Amino acid sequence: MLCLLLGAIAAGTGCQTAAPSTTSEAILVNPVEDYGEMFARVQQAVVFPDSKTFADCTPKAPVADILAAYEEIKSLGDTALPTFVETWFDIPHAYASGFKTNPDHSIDEHINALWPVLTRNADVRKTGTLIPLPKSYIVPGGRFGEVYYWDSYFTMLGLEVSPNSRYMIGNMVDNFAYLLDTIGFIPNGNRTYYLTRSQPPFFSMMVDLWTKADSQASLAQYLPALENEYTFWMKGEEGVSASQASSQHVVRLEGGEILNRYWSGTTKPRPESYKEDVALAEESSQPDDSLYQNLRAACESGWDFSTRWFRDGKNLATIRTTELIPVDLNCLLMHLEDVLAMAYKEAGMEAKAEAFSTRAQNRMTAIQKYCWNSEMEIYTDYDFVQAKPVNQATLAMAFPLYFGIATGEQAEKVATFLEENFLSPGGLPTTLVRSGEQWDAPNGWAPLQWMAIQGLGNYGKKALATDITERWISLNQRVFAETGKLVEKYNVMDDALEGGGGEYPLQDGFGWTNGVLLRLLQSRKANEN
């Protein structure tokens, strides 16, 4: 059982099951561990088409009572399970089910009307898998009714240019700081089943954004949270050596440099995709524990799933995320080191500021050494097990441009590669491989459009950046005009078709699409003026 007592979150194993409390105490459940056989059976019986639905259900009674009731009906077969679930659980509420697009609204007005729909108030302490947060926040939308880590940064980009909603950036940064202070890291989302992994570390980007938007906020104010973020990603650094190359998220390279990977310490099926993981294990030659760990690590990357992580470049069953040094992850961690250096300087801690400036510089040097693919003349991931670059082009190549790591010559080569190979009618696809996975061609995603557009702009590639911007805006506007929706991802290569692939249907809402589109529209207006 996962206990939440008096607002302090802690994962534990010795907590007693109790009825929902009317005090500040709340009991959180980890569905796989706490429900055991019952959870696996409900998921395998496909009581709900989407595996996430049952993981998000809230128990109506103490877990011990539910398990006792299950023992009484389990011999009746799978046909008894829907009624059992309906009796003992509350099904997640579909918050936006009544929202109707106003046909008279411009796309800007539509997005601003959506912010309240996507807002969740500070959570009431209750049982279930939802980790309560102390302040209100924005969710992505659709099946994603909780906060998501890296989504939130791109949502914030739109909130920053929405005067009536700008305060929400501070709320969300404070919520993430709360998670860092209480759990020690930011989970994938505020669900107990996400406590085994994080997501791309955009917290330092959020803090940077908020402290520039609000004169009352400071880097030093968030220093403890920034330190906890760094500690989480660097845990294991002391354990790596020439004979032990990796430990948790940390990898020691051939030259003794330290870089990072995505990783999860859990080797079980994901609760929110239980039946999918079990089915994949049956067809994979990879040991189950390795498969499940690599699936979870790919989820931590946010790119779940992409041939970027596949050994054979084709099949999810060959996933090997933990063997790779992702270029984008390490760019983000360099930014975290830079922001920590600035925060320490602001706090008058000069020695620590200097130490983190050195760490950032060392990481930048290592990114250049290991992630610049001299054969392809672009940035790629690095396979530290095989000690060689991965010869696959992905839109992660834009991150070193965004963070100013690339030389002018490297930026020129990346820009040329993107224009010649990636530029499509609706923007930029995530990869050039059509695999059926959602983080591959033909899909394009708002966060990666933003990183590429801004990265190219940093190196004076204004014409290409503007071209990508206009193609992306045009695609978003066309889909909105036809459907009244802004969606999670778009088919940028065959723009008459919807985005697709992945483990669930196309989602609308949608937090990061709204944020990036609104910010691009505002920038375009500013440039016109």
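The values are calculated or read from the model by the stated rules, or taken from the named source; none is laboratory data. Remember, predicted model here, so these are calculated numbers, not experimental data. Reconstructed Cβ throughout: ideal geometry from the backbone, glycine too, with neighbour counts over all protein chains shown. Surface areas here come from the heavy atoms of the whole protein model, side chains and all, with no ligands, DNA or RNA. Shrake-Rupley method; radii C 1.70, N 1.55, O 1.52, S 1.80 Å.
Side notes on the structure shown:
- Count - residues of segment 343-364 that are under 16 Å from residue 257 (Cα atoms) and either open to solvent by less than 80 Å² (accessible area, probe 1.4 Å) or among the charged types (D, E, K, R) (or both): 8
- Condition check for residue 432: more than 23 Å from residue 142 (Cα to Cα) and not charged (D, E, K, R): yes
- The set of residues in segment 233-253 that are surrounded by fewer than 18 Cβ atoms within 10 Å (Cβ to Cβ) and either charged (D, E, K, R) or part of a helix (DSSP H, G or I) (or both) comprises 235, 237, 238, 239.
- Scanning segment 49-75 for residues that are free of Cβ contacts under 8 Å to residues at least 40 places away in the same chain and part of a loop (DSSP other than H, G, I, E, B), we see that the one that is farthest from the chain's Cα centre (by Cα) is 60.
- The residues of segment 88-116 that are part of a helix (DSSP H, G or I) and in contact (Cβ under 8 Å) with a residue 24 or more places away in the chain, listed by number, are 88, 95, 96, 107, 108, 110, 111, 112, 114, 115.
- Of all residues in segment 365-393, those satisfying the criterion of being open to solvent by less than 10 Å² (accessible area, probe 1.4 Å) and either under 15 Å from residue 411 (Cβ atoms) or basic (Lys, Arg) (or both) are 367, 371, 373, 378, 379.
- Test: residue in segment 264-272 that is surrounded by 19 or more Cβ atoms within 10 Å (Cβ to Cβ), within 24 Å of residue 304 (Cα to Cα) and small (Gly, Ala, Ser): yes
- Among the residues making up segment 121-142, those that are open to solvent by 20 Å² or more (accessible area, probe 1.4 Å), aliphatic (A, V, I, L, M) and without any contact (Cβ under 8 Å) to a residue 60 or more places away in the chain are 122, 124.
- Breaking point among (1) farther than 25 Å from residue 193 by Cα; (2) touching a Ser or Thr at 6+ places or on another chain (Cβ under 9 Å); (3) outside any helix (DSSP H, G or I), for residue 348: (2)
- Subset of segment 294-319 (residues that are outside any loop (DSSP other than H, G, I, E, B), open to solvent by less than 10 Å² (accessible area, probe 1.4 Å) and touching a strand residue (DSSP E or B) at 6+ places or on another chain (Cβ under 7 Å)): 294, 295, 298, 307, 308, 309, 310, 319
- Restricting attention to segment 443-480, the residues being assigned to a helix (DSSP H, G or I), open to solvent by less than 50 Å² (accessible area, probe 1.4 Å) and in contact with a Gly (Cβ under 7 Å, 6 or more places away or on another chain) number 5.
- Yes/no for residue 9 being over 21 Å from residue 274 (Cβ atoms), at pLDDT 75 or above, buried (at least 16 other Cβ atoms within 10 Å of the Cβ) and among the aliphatic types (A, V, I, L, M): no
- Some residue of segment 154-166 being open to solvent by 10 Å² or more (accessible area, probe 1.4 Å) and not in a loop (DSSP other than H, G, I, E, B): no
- Residue check for residue 464: in contact (Cβ under 8 Å) with a residue 12 or more places away in the chain, farther than 18 Å from residue 160 by Cβ and out of contact with any strand residue (DSSP E or B) (no Cβ under 9 Å at 6 or more places or on another chain): yes
- Selection over segment 469-488 of residues that are among the basic types (Lys, Arg) and either under 12 Å from residue 513 (Cα atoms) or in contact with a Ser or Thr (Cβ under 9 Å, 6 or more places away or on another chain) (or both) gives a count of 2.
- Residue list for segment 273-293, restricted to those being closer than 19 Å to residue 488 by Cβ and open to solvent by less than 10 Å² (accessible area, probe 1.4 Å): 273
- Any hit, segment 238-253, residues being of a type in the set (Lys, Arg) and touching a Leu at 6+ places or on another chain (Cβ under 9 Å): yes
- Restricting segment 254-313 to residues that are among the aromatic types (Phe, Trp, Tyr) and within 21 Å of residue 430 (Cβ to Cβ) leaves a set whose member that is nearest to the chain's Cα centre (by Cα) is 303.
- The one condition from (1) free of Cβ contacts under 8 Å to residues at least 60 places away in the same chain; (2) polar (S, T, N, Q); (3) under 27 Å from residue 405 (Cα atoms) that residue 285 does not meet is (3).
- Residue in segment 254-265 that is in a loop (DSSP other than H, G, I, E, B) and of a type in the set (Phe, Trp, Tyr) present: yes
- Among the residues of segment 357-380, just one is part of a loop (DSSP other than H, G, I, E, B) and in contact with a Lys or Arg (Cβ under 7 Å, 6 or more places away or on another chain), namely 377.
- Check on residue 137, hydroxyl-bearing (Ser, Thr, Tyr) and either within 18 Å of residue 112 (Cα to Cα) or more than 17 Å from the chain's Cα centre (by Cα) (or both): yes
- Filter result for residue 88 (within 26 Å of residue 136 (Cα to Cα) and either modelled with pLDDT of 95 or more or surrounded by 12 or more Cβ atoms within 10 Å (Cβ to Cβ) (or both)): no
- Those residues of segment 264-293 which are within 19 Å of residue 186 (Cβ to Cβ) and touching a strand residue (DSSP E or B) at 6+ places or on another chain (Cβ under 8 Å), in sequence order: 272
- Of all residues in segment 170-226, those satisfying the criterion of being among the acidic types (Asp, Glu) and either assigned to a helix (DSSP H, G or I) or buried (at least 23 other Cβ atoms within 10 Å of the Cβ) (or both) are 174, 181, 208.
- Filter pass, residue 338 being of a type outside the set (Ser, Thr, Tyr), open to solvent by 50 Å² or more (accessible area, probe 1.4 Å) and in a helix (DSSP H, G or I): yes
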